[in-house]
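Novice: I'd like to ask some things about the structure below.
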Amino acid sequence: MIVEMITGATPEEIDAVVQRAKSLELDVQLNLGTDKTVVAILGSNTGQLPTDTFAVLPGVESVTRVMKPYKLSSREFKAKDSLVTISGIEIGGKRVVVMAGPCAVESKEQLMEAARAVKEAGASILRGGAFKPRTSPFSFQGLEEVGLELLAQVREHFGIPVVTEVVDPHDVGLVAKYADVLQVGSRNMQNFALLTNIGKSKCPVVLKRGFSCTITEWLTAADYLLAEGNNQVILCERGIRTFEDSIRFSLDISAIPVIKRNSHLPVIVDPSHAAGHYSLVPAIAKAAVAAGADGLLIEVHPNPKEALVDGLQSLTPSAFARLMEELGSIAKSVGRYI
Ligand code: PEP
Ligand code: MN
């Protein structure tokens, strides 16, 4: 249930709404907007509660039931676009923010080379996996804490923030110590223990869409992060499973405008895992920017032939630099910049 306060509602009036909800053993989340405060009343039995429970209180303008399963990520709760700020870089504003780097951290040399290349080409955040959720237990699983240390060293050297995946709910504190942004992988989108711990950490997070999950399930997963008070949430469309097997996954381009309509959260696109092949990445990346994506997450490897993971879909530094040039004019045509 969403309680919208009148413009200029007093702190006492807002508190009365909060206290009323608490007396009914319901949870609340406040969106202290610039002109109007919105109070989300959360709990499994709000459906039975008459809207008058809150409508009668002084300072309340309207009470609406949100019929969708997701609440805090909805536009009903927050009409204005949310901005996520990572070391001064805003995601969700006019700039299309590019995060790029190797699928996995393999060595200091590899990461240094990748960081130099992506930064030079205009990327503002370095990606690199230290914990790799692999489909097979026999595949390379990442350098783990050694990989995190390398990410921290390279961040220091180039002054570039880093995004890296956390797989185990118990590792959230460890990964958050090294990373600027935590990534929740597609296979973990509904790992609710992981989401809750990341929510508690308040660390900025990229929440990838589960490749067999609907947009509603994705936004409801985002609510797990928001419910813990972490509002630094970035959604990432990375392709879904369809009957089409000529590419690795099918990028759901329509997810971008659907998210923009239904949610206030920024949404970025990972063209690499959707494409599965380097030759398809540029077209998908350009389409994403044209469709309104707030950023891109792209795999770039200094030497894709030697990559331990996802070499086939990784761009070389020169292909990435070319793509960045091309993205500039696409962004401009939709009123953005790279
Ligand atoms: C990745 O970003 O390297 C990755 C494993 O992606 P996804 O979770 O989307 O498969
Ligand atoms: Mn990968």
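The values are calculated or read from the model by the stated rules, or taken from the named source; none is laboratory data. Every value quoted in this text rests on a predicted model; they were computed, and no experiment measured them. Note that we place each Cβ from the backbone using ideal geometry, even for glycine, and neighbour counts take in every protein chain shown. What goes into the accessible areas is simple: the full protein's heavy atoms, side chains included, and nothing from ligands, DNA or RNA. Shrake-Rupley method; radii C 1.70, N 1.55, O 1.52, S 1.80 Å.
Novice: ILE256 is checked against (1) aliphatic (A, V, I, L, M); (2) crowded, with 18+ Cβ neighbours inside 10 Å; (3) not in a helix (DSSP H, G or I) and fails just one. What number does that condition carry?
Specialist: Just one mismatch for ILE256, condition (3).
Novice: In the stretch 261-269, is there at least one residue being surrounded by 20 or more Cβ atoms within 10 Å (Cβ to Cβ), in contact (Cβ under 8 Å) with a residue 12 or more places away in the chain and closer than 19 Å to ARG322 by Cβ?
Specialist: Looking for residues that are surrounded by 20 or more Cβ atoms within 10 Å (Cβ to Cβ), in contact (Cβ under 8 Å) with a residue 12 or more places away in the chain and closer than 19 Å to ARG322 by Cβ, one finds at least one in the stretch 261-269, hence yes.
Novice: OK, next. Considering LYS177, LYS80, which residue is touching a residue at least 60 places away in the same chain (Cβ under 8 Å), more than 16 Å from ligand 2 (Cβ to nearest atom) and open to solvent by 40 Å² or more (accessible area, probe 1.4 Å)?
Specialist: Every option except LYS80 fails the conditions.
Novice: For the stretch 270-280, which positions are surrounded by fewer than 20 Cβ atoms within 10 Å (Cβ to Cβ), within 16 Å of ligand 2 (Cβ to nearest atom) and closer than 21 Å to SER329 by Cβ?
Specialist: Of everything in the stretch 270-280, just one residue is surrounded by fewer than 20 Cβ atoms within 10 Å (Cβ to Cβ), within 16 Å of ligand 2 (Cβ to nearest atom) and closer than 21 Å to SER329 by Cβ, namely LEU280.
Novice: Kindly indicate whether PRO161 is touching a residue at least 40 places away in the same chain (Cβ under 8 Å) and either touching a strand residue (DSSP E or B) at 6+ places or on another chain (Cβ under 9 Å) or more than 15 Å from ligand 1 (Cβ to nearest atom) (or both).
Specialist: yes
Novice: Going by the conditions given, is SER87 touching a strand residue (DSSP E or B) at 6+ places or on another chain (Cβ under 9 Å), farther than 18 Å from LYS177 by Cα and among the small types (Gly, Ala, Ser)?
Specialist: Considered against the rule, which asks whether it is touching a strand residue (DSSP E or B) at 6+ places or on another chain (Cβ under 9 Å), farther than 18 Å from LYS177 by Cα and among the small types (Gly, Ala, Ser), SER87 comes out as no.
Novice: Does the stretch 239-252 contain at least one residue that is open to solvent by less than 30 Å² (accessible area, probe 1.4 Å) and under 22 Å from SER87 (Cβ atoms)?
Specialist: Within the stretch 239-252, not a single residue is open to solvent by less than 30 Å² (accessible area, probe 1.4 Å) and under 22 Å from SER87 (Cβ atoms).
Novice: Oh, and also: Output the residues belonging to the stretch 302-316 that are of a type outside the set (Val, Ile, Thr) and under 9 Å from ALA104 (Cβ atoms).
Specialist: ALA307, LEU308, ASP310 - these are the residues of the stretch 302-316 that are of a type outside the set (Val, Ile, Thr) and under 9 Å from ALA104 (Cβ atoms).
Novice: Would you confirm whether any residue within the stretch 318-330 is within 16 Å of ligand 1 (Cβ to nearest atom), surrounded by fewer than 20 Cβ atoms within 10 Å (Cβ to Cβ) and at pLDDT 95 or above?
Specialist: no
Novice: Considering the stretch 92-148 alone, what residues qualify as being within 16 Å of ligand 1 (Cβ to nearest atom), surrounded by fewer than 17 Cβ atoms within 10 Å (Cβ to Cβ) and small (Gly, Ala, Ser)?
Specialist: Across the stretch 92-148, the qualifying residues are SER136, SER139.
Novice: Which residues, taken from the stretch 9-28, are surrounded by fewer than 18 Cβ atoms within 10 Å (Cβ to Cβ) and in contact (Cβ under 8 Å) with a residue 40 or more places away in the chain?
Specialist: Those that are surrounded by fewer than 18 Cβ atoms within 10 Å (Cβ to Cβ) and in contact (Cβ under 8 Å) with a residue 40 or more places away in the chain: THR10, GLU13, ALA16, ASP27.
Novice: Report yes if ILE198 is free of Cβ contacts under 8 Å to residues at least 60 places away in the same chain, within 16 Å of ligand 1 (Cβ to nearest atom), in contact with a helix residue (DSSP H, G or I) (Cβ under 6 Å, 6 or more places away or on another chain) and of a type in the set (A, V, I, L, M), otherwise no.
Specialist: Spelling it out, ILE198 is indeed free of Cβ contacts under 8 Å to residues at least 60 places away in the same chain, within 16 Å of ligand 1 (Cβ to nearest atom), in contact with a helix residue (DSSP H, G or I) (Cβ under 6 Å, 6 or more places away or on another chain) and of a type in the set (A, V, I, L, M).
Novice: Can you pull out the residues in the stretch 281-304 that are within 16 Å of ligand 2 (Cβ to nearest atom), open to solvent by 20 Å² or more (accessible area, probe 1.4 Å) and part of a helix (DSSP H, G or I)?
Specialist: Once the filter is applied, which keeps residues that are within 16 Å of ligand 2 (Cβ to nearest atom), open to solvent by 20 Å² or more (accessible area, probe 1.4 Å) and part of a helix (DSSP H, G or I), the stretch 281-304 yields ILE284, PRO304.
Novice: Return the pair list, or none, for Cβ contacts closer than 7 Å from residues in the stretch 234-256 that are more than 26 Å from ILE125 (Cβ to Cβ) to residues that are part of a strand (DSSP E or B), at least 6 apart or on different chains.
Specialist: THR242/SER250; GLU244/SER250
Novice: Only one of these conditions is not met by LEU265: (1) within 16 Å of ligand 2 (Cβ to nearest atom); (2) touching a strand residue (DSSP E or B) at 6+ places or on another chain (Cβ under 6 Å). Which number is it?
Specialist: (1)
Novice: Across the stretch 29-55, what is the total count of residues that are open to solvent by less than 60 Å² (accessible area, probe 1.4 Å) and more than 20 Å from LYS78 (Cα to Cα)?
Specialist: Qualifying residue count for the region: 3.
Novice: Related question: So which residues in the stretch 305-338 are of a type in the set (A, V, I, L, M, F, W, C) and away from ligand 2 (no atom under 16 Å from the Cβ), if there are any at all?
Specialist: Listed by number, the residues that qualify are ALA319, ALA321, LEU323, MET324, LEU327, ILE330, ALA331, VAL334, ILE338.
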